[in-house]
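The values are calculated or read from the model by the stated rules, or taken from the named source; none is laboratory data. None of the values given here were measured: they were computed from a predicted structure. Using ideal geometry, Cβ is built from the backbone for each residue, glycine included, and neighbour counts are taken over all protein chains shown. Note: areas computed on protein heavy atoms with side chains; ligands, DNA, RNA excluded. Shrake-Rupley method; radii C 1.70, N 1.55, O 1.52, S 1.80 Å.
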Protein chains: 4
Amino acid sequence: MKVSVIGATGYAGAELLRLIYGHPKAELAHITSESHAGDKISSVYPHLLGLCDNELESMEDIERIASDSDFIFIGLPAGHAMEIGRRLEDQPVRIIDLGADYRFDDTDVYEKWYKVRHTHKDAKRVYGLAELNREAIKTAKIIGNAGCYTTASILSLAPLVKAHLVDVKSIIVDAKSGVSGAGRSAKLANHFPELYDNFKAYGVATHRHTPEIEQALTNISGEDVLINFTPHLVPMSRGILATAYATLKDSVTAEAVDEAFERLYGDEYFVRLRGRGAYPETKYVRGSNFCDIGWHIDERTHRVIVLSAIDNLVKGAAGQAIQNFNIACGFDEKMGLDFTPVYP
Amino acid sequence: MKVSVIGATGYAGAELLRLIYGHPKAELAHITSESHAGDKISSVYPHLLGLCDNELESMEDIERIASDSDFIFIGLPAGHAMEIGRRLEDQPVRIIDLGADYRFDDTDVYEKWYKVRHTHKDAKRVYGLAELNREAIKTAKIIGNAGCYTTASILSLAPLVKAHLVDVKSIIVDAKSGVSGAGRSAKLANHFPELYDNFKAYGVATHRHTPEIEQALTNISGEDVLINFTPHLVPMSRGILATAYATLKDSVTAEAVDEAFERLYGDEYFVRLRGRGAYPETKYVRGSNFCDIGWHIDERTHRVIVLSAIDNLVKGAAGQAIQNFNIACGFDEKMGLDFTPVYP
Amino acid sequence: MKVSVIGATGYAGAELLRLIYGHPKAELAHITSESHAGDKISSVYPHLLGLCDNELESMEDIERIASDSDFIFIGLPAGHAMEIGRRLEDQPVRIIDLGADYRFDDTDVYEKWYKVRHTHKDAKRVYGLAELNREAIKTAKIIGNAGCYTTASILSLAPLVKAHLVDVKSIIVDAKSGVSGAGRSAKLANHFPELYDNFKAYGVATHRHTPEIEQALTNISGEDVLINFTPHLVPMSRGILATAYATLKDSVTAEAVDEAFERLYGDEYFVRLRGRGAYPETKYVRGSNFCDIGWHIDERTHRVIVLSAIDNLVKGAAGQAIQNFNIACGFDEKMGLDFTPVYP
Amino acid sequence: MKVSVIGATGYAGAELLRLIYGHPKAELAHITSESHAGDKISSVYPHLLGLCDNELESMEDIERIASDSDFIFIGLPAGHAMEIGRRLEDQPVRIIDLGADYRFDDTDVYEKWYKVRHTHKDAKRVYGLAELNREAIKTAKIIGNAGCYTTASILSLAPLVKAHLVDVKSIIVDAKSGVSGAGRSAKLANHFPELYDNFKAYGVATHRHTPEIEQALTNISGEDVLINFTPHLVPMSRGILATAYATLKDSVTAEAVDEAFERLYGDEYFVRLRGRGAYPETKYVRGSNFCDIGWHIDERTHRVIVLSAIDNLVKGAAGQAIQNFNIACGFDEKMGLDFTPVYP
């Protein structure tokens, strides 16, 4: 399959190039960047020297690029992918958007949280979290690849809300991410000496991943889920750990919780259940597409606490996109993703 | 005042030596270490070369050391300080214990969580969190210095529970600490390559700081507080950020929350209120005795989220001990602690 | 080919398991560890869960393991591999030792620097730095895989001494390594808070990689090379940067230096020449088998300064071992190593 | 003494504010910043909240600021201080410039390396490295505070060149710095994910600290010193380690080297000689004004290797400035600098 990457110079775009390089059935056709058009990608990302020396193009003539591609991956800031999606509506190319434009069933929710008017409301799109939406992904024209924090959060809680084990109004997700999640644009907040040996929260009660988590959990449970989501910045490059809290319904036992996880993920390759009492670490999954999950029951407070670890650039972005691509192509889901994490 | 440090080779002990060096009215009398008795402290902590070259003694003859000291600071693992406290009961020396032995009103709680029999149940002790217990500290024989996570957690929530603004059964504290909090003993879990570029939780539903937070908040509020407390390890040396969640009672306004913080801490030097909507960072307080606090109201979920940052070795250990020492001596509370954080 | 890993629980051993997992023609037969015999490797290295759950065996009956293997990789401390080599002398199995036992032509040099008696002096062995010794590796019974610092240092200087462009008595190598190079044994020196935000040198004038560099450069140049080698510890997990200094012979031009690098490495896949004036970074090669090289001429001092970057666990250990394995098997040299670095 | 800080929002400026806060005889008069004029410094550096809330002014009317100050410290990029120096020539205010404008005896050297025309060539200035130039500093109108790399490098080599123990053409300084040395301006090169877990060199054969080191060593030795200086960036916030190499003259003994260090620094408070065979670490001096030095003799190559560690923002910038200020005022040299490093 010929694939192109629109917005290839962000961290997620670069990670896509790493994964496409190792994918036996994906051939890179075009890569674009407005700010670096004309440059070789290996001058922007020197680690790719000799491996991917393609020239970056402008995406201005996206129709031409699309006509030469079976799939395009989009790694642009919110608001840009929907323009591309609209322009390519009638071309056979399929789209996997790593941004948020196509993640919401209800574009009003999108507009409210992203403060952008949605210009492609009737797009034929599906939500791209493979473990929960596999069937729909197979034939979708446009896949709205799930976000990084949201992937970790939703996978943590899906078994519990699906099995109606928890009070859906009690959910709190306290999440922590490495700095690559903030993108590659230099700014004081992400200047090395400012973050090194430092830890902080941001976006309390306002982070845009909140409604995405709520939408997915509401869809799974059939109940109206309302959560608190708090992101934090960890002084490291990659990795997300989500710590999710929920109050168990009265008679729910630890065994029922165990079963819920086993039932939903027992056959999933990329979800590694580490079990009750376990502590997944971000380093256990670094560089890989795995989501590792452990959970704990607090008898005193009757809460369940779920811990999940992903690599934000892989299962939280580029890896998930390739997984969706594999599903959409009818390939083995782990094609090109079947490698171990990089440790230490 | 002549002061001695029992267990001077842990990180909290070393930090005490830094603060005592800069304190105009504290004179270092004795320092002890069982594993390094006979060595100079500057051979164990080379940064002290030329500044503190005292010889480490054994604490075997603690009575002699105590007779030569006005105050002793104890930086030993749980279970050891109470032995010393008992032996020194009849000497005039006063004790500030940086461990947990003297933190609990109810020694049954201590025994349950620490799995150690308490051997000094009738000790004349007070809980050493200066901002909440100043009067009692002034004349105490034994001060059970508050823990690191607990200081950040209690200071975050005290205004809210004192003013009865939140449901005391809804409290969750998700806390994150630098690795110095785990002590100086080498072990695989804290081996550099294992933690670097890594993030993880530990002690879910079982961490010993849980009952200490509950005790303090119960005392302040008069209500029976039950919480979830989850610690995490941040790949950095120093600093704690606590993210605390609580459900506001029905009619509580944002202004009422603001007032509660202002009322309790408006005159406190070491608590810096950064206000509603603010994001304290651990680097804002590094090396200093400050606790910086910001808070957020989520209208959607009717929860309050409080963020507090301390340096775990200063306000969370040695600095708080010096603050308590100043109070106990009748000195200006910030004597020897009146310096800026070290940034970046 | 059936391969076994003796001493699989060190970092180099674990990295071998990562690379073997991705190698299309290597099948893992046995893995050993004396301290963890009976455990699954994925309990020692949790990132391998579901990917490599083999049980660790003792190496006591090495003959049986060897009889079931085409190749064995040895990742043991100095002094242990030679015992194994001797015991397996008459078996057809071939050996790739990641330690130092088989790196020296002259075992007296080994004994002097390693303070260990060599017990397999007449071993049929070759030095395993692929770019410089490819022919000999093809048929070797025992391959003494080059060390980490030495790989970076030798590859930096080989073109210059081979072409007789520099004074071989003027060479200084100032090298910097991530902490994984120090192994996985917990000790105070590598305890997280001790190294984080810290930088130091060690082993000045005494590091064991010194004679290995001298041997290789002497062999290449035919001149008696004597160097200073200084290792430093960088607060990061992986990566080596070597900064090598040498005085150019009188009339040597910058172009002659350029040509020397081009001549020796122009056709090498794993050596990426970044050119004169370039600054390779360890992140450019992280997780990969590349050695990136840049060089600079100082007209004022008439010195050449060479910078080379490798991943100490890949090109400096496990990756080089796989590269040697490929050569020894007659496979494509980059089989199982043809992936991009992991960035950022 | 009333002191003002011109360019207070760089890292060195902020560090000056920390030290001035703790100095018993310095009173902060004015602080300036062109980009943040009108803001409180504590909004730019939140760690200073409540400690230093002064308003930043423009330096436009520098004469007025100077007339209200006994000393001004300048923390501006190269080329700006000399303008200020010229304008204040006839005012009694004394100047300590943390930049390079006043460091060079020969302004041609400055112009060649800094590519800026010098506009105050006849300034009455002295070089501000206290240990080597104390007498001249006492009465100087303008003090050109020594640079960060240069301080570590010069202090390492001064005893050797002063005693004529080494070949002055053989000197190589391989130096490593934390990222705060690169300033607070956000740019891709210093973006957190780019530097974290990464190591690189820069400025080979071209770094501007080269001629400053050569000038100082030439002045001390009376011989024409020519060196190689190579800076590297360590993924940490603070600290410099310099590794200096020099060839010993024929009959020079290890004892002669020891004596040279002892003779020059035996009475210096801020130079801590750790002795022959020692390994200073940057963490031994973090946050303090110390320069820790260890040295090694390699009998094989007849070279001496000197290791020195400083905090680049203290002894390499603001601390040295305060030390010079103390000397210039006739105060005890360690006034306001008499505290321990911050460890870990």
Residue in the range D:153-165 that is under 30 Å from D:GLY330 (Cα atoms), buried (at least 24 other Cβ atoms within 10 Å of the Cβ), touching a helix residue (DSSP H, G or I) at 6+ places or on another chain (Cβ under 7 Å) and within 14 Å of chain C (Cβ to nearest Cβ) present: yes
Which of (1) within 20 Å of the chain's Cα centre (by Cα); (2) at negative phi does B:ASP90 not meet, given it meets every other one? (1)
Out of B:THR150, B:THR139, B:THR210, report the one residue that is open to solvent by less than 20 Å² (accessible area, probe 1.4 Å) and either more than 14 Å from chain A (Cβ to nearest Cβ) or within 30 Å of C:LEU195 (Cα to Cα) (or both). B:THR150
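Looking at the range A:175-201, which of its residues are within 19 Å of the chain's Cα centre (by Cα) and at negative phi?
So in the range A:175-201, the residues within 19 Å of the chain's Cα centre (by Cα) come out as A:175-184.
Within the range A:175-201, A:ALA175, A:LYS176, A:SER177, A:GLY178, A:VAL179, A:SER180, A:GLY181, A:ALA182, A:ARG184 meet the criteria.
Against the condition surrounded by fewer than 24 Cβ atoms within 10 Å (Cβ to Cβ), more than 8 Å from every other protein chain (Cβ to nearest Cβ) and in contact with a strand residue (DSSP E or B) (Cβ under 9 Å, 6 or more places away or on another chain), how does D:VAL271 come out, does it pass? Walk me through it before giving the result.
On the way: surrounded by fewer than 24 Cβ atoms within 10 Å (Cβ to Cβ): yes; more than 8 Å from every other protein chain (Cβ to nearest Cβ): yes; in contact with a strand residue (DSSP E or B) (Cβ under 9 Å, 6 or more places away or on another chain): yes.
Answer is yes for this residue.
I need a count of the residues in the range D:255-268 that are of a type outside the set (Gly, Ala, Ser) and either surrounded by 16 or more Cβ atoms within 10 Å (Cβ to Cβ) or within 12 Å of another protein chain (Cβ to nearest Cβ) (or both). Give the steps one after another, and end with the answer.
Step one: list which residues in the range D:255-268 are of a type outside the set (Gly, Ala, Ser), which gives D:255, D:257-259, D:261-265, D:267-268.
So of that shortlist, the ones also either surrounded by 16 or more Cβ atoms within 10 Å (Cβ to Cβ) or within 12 Å of another protein chain (Cβ to nearest Cβ) (or both) come out as D:257-258, D:261, D:264-265, D:268.
Total meeting the criteria: 6.
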Need pairs with beta-carbon distance below 8 Å; first residue farther than 8 Å from D:CYS148 by Cα and open to solvent by less than 10 Å² (accessible area, probe 1.4 Å) and within the range D:309-320, second in a loop (DSSP other than H, G, I, E, B) and of a type in the set (S, T, N, Q); sequence gap 6+ or separate chains. D:ASP311/D:SER288; D:ASP311/D:ASN289; D:VAL314/D:SER288; D:VAL314/D:ASN289; D:GLY319/D:SER288; D:GLY319/D:ASN289; D:GLN320/D:ASN289
The lone exception for D:GLU57 - which of (1) under 17 Å from D:GLY13 (Cα atoms); (2) within 12 Å of chain B (Cβ to nearest Cβ) it fails: (2)
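Does the range D:279-306 hold any residues that are within 26 Å of D:GLN323 (Cα to Cα), in a loop (DSSP other than H, G, I, E, B) and facing chain C (nearest Cβ under 10 Å), and which are they? Please lay out each step first, then the result.
At the first step, the residues of the range D:279-306 found to be within 26 Å of D:GLN323 (Cα to Cα) are D:279-295, D:306.
Okay, now just the ones that are also in a loop (DSSP other than H, G, I, E, B), so D:279-281, D:285-290.
Answer for the range D:279-306, where residues must be within 26 Å of D:GLN323 (Cα to Cα), in a loop (DSSP other than H, G, I, E, B) and facing chain C (nearest Cβ under 10 Å): D:TYR279, D:PRO280, D:GLU281, D:ARG286.
Sort through D:GLY22, D:GLY7, D:GLY50 and tell me the only one that's in contact (Cβ under 8 Å) with a residue 40 or more places away in the chain, of a type outside the set (A, V, I, L, M, F, W, C) and within 14 Å of chain B (Cβ to nearest Cβ). Walk me through it before giving the result.
Working: D:GLY7 fails: within 14 Å of chain B (Cβ to nearest Cβ); D:GLY50 fails: in contact (Cβ under 8 Å) with a residue 40 or more places away in the chain.
From the options D:GLY22, D:GLY7, D:GLY50, the qualifying one is D:GLY22.
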C:GLY239 being at pLDDT 95 or above and either of a type in the set (Val, Ile, Thr) or open to solvent by less than 20 Å² (accessible area, probe 1.4 Å) (or both): yes
Sole exception among (1) closer than 13 Å to D:ALA321 by Cα; (2) part of a helix (DSSP H, G or I); (3) open to solvent by less than 50 Å² (accessible area, probe 1.4 Å) for D:PHE73, by number: (2)
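Identify all residues within the range A:307-324 that are more than 16 Å from C:VAL342 (Cα to Cα) and more than 12 Å from chain B (Cβ to nearest Cβ); write none if there are none. Explain how you work it out, then say what you get.
We begin by selecting, within the range A:307-324, every residue more than 16 Å from C:VAL342 (Cα to Cα); these are A:307-309, A:320-324.
The answer is A:GLN320, A:ALA321, A:ILE322, A:GLN323, A:ASN324.
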Scanning the range A:1-10 for residues that are over 22 Å from A:ALA186 (Cα atoms) and open to solvent by 10 Å² or more (accessible area, probe 1.4 Å) gives A:MET1, A:LYS2
Output for the range A:324-342, where each listed residue is out of contact with any Phe, Trp or Tyr (no Cβ under 7 Å at 6 or more places or on another chain), buried (at least 21 other Cβ atoms within 10 Å of the Cβ) and within 25 Å of B:ASP197 (Cβ to Cβ): A:GLY336, A:LEU337, A:VAL342
Does C:ALA246 satisfy the condition of being more than 9 Å from chain D (Cβ to nearest Cβ), over 20 Å from C:ALA100 (Cα atoms) and part of a strand (DSSP E or B)? yes
Checked the range B:11-46 for anything over 21 Å from B:LYS315 (Cα atoms), assigned to a helix (DSSP H, G or I) and open to solvent by less than 10 Å² (accessible area, probe 1.4 Å); matches are B:ILE41
Limited to the range D:177-198, what total is found for residues that are touching a residue at least 12 places away in the same chain (Cβ under 8 Å), touching a strand residue (DSSP E or B) at 6+ places or on another chain (Cβ under 6 Å) and either more than 14 Å from chain C (Cβ to nearest Cβ) or open to solvent by 10 Å² or more (accessible area, probe 1.4 Å) (or both)? 0
Residue that is nearest to the chain's Cα centre (by Cα) [pool: residues in the range C:281-302 that are surrounded by 23 or more Cβ atoms within 10 Å (Cβ to Cβ) and among the basic types (Lys, Arg)]: C:ARG286
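Scan the range D:199-218 for residues that are of a type outside the set (A, V, I, L, M, F, W, C) and free of Cβ contacts under 8 Å to residues at least 60 places away in the same chain and jot them down.
Taking the range D:199-218 as the starting set, the residues that turn out to be of a type outside the set (A, V, I, L, M, F, W, C) are D:200, D:202-203, D:206-212, D:214-215, D:218.
Once the filter is applied, which keeps residues that are of a type outside the set (A, V, I, L, M, F, W, C) and free of Cβ contacts under 8 Å to residues at least 60 places away in the same chain, the range D:199-218 yields D:LYS200, D:TYR202, D:GLY203, D:THR206, D:HIS207, D:GLU214, D:THR218.
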For the range B:88-105, state whether one or more residues are under 25 Å from B:ALA182 (Cα atoms) and without any contact (Cβ under 8 Å) to a residue 24 or more places away in the chain. no
In the range A:239-267, the residues that are closer than 24 Å to C:HIS47 by Cα, in contact with a strand residue (DSSP E or B) (Cβ under 9 Å, 6 or more places away or on another chain) and charged (D, E, K, R): A:ASP258, A:GLU262
Would a scan of the range B:249-260 turn up a residue that is in contact with a helix residue (DSSP H, G or I) (Cβ under 9 Å, 6 or more places away or on another chain), within 30 Å of B:ILE20 (Cα to Cα) and not in a loop (DSSP other than H, G, I, E, B)? no
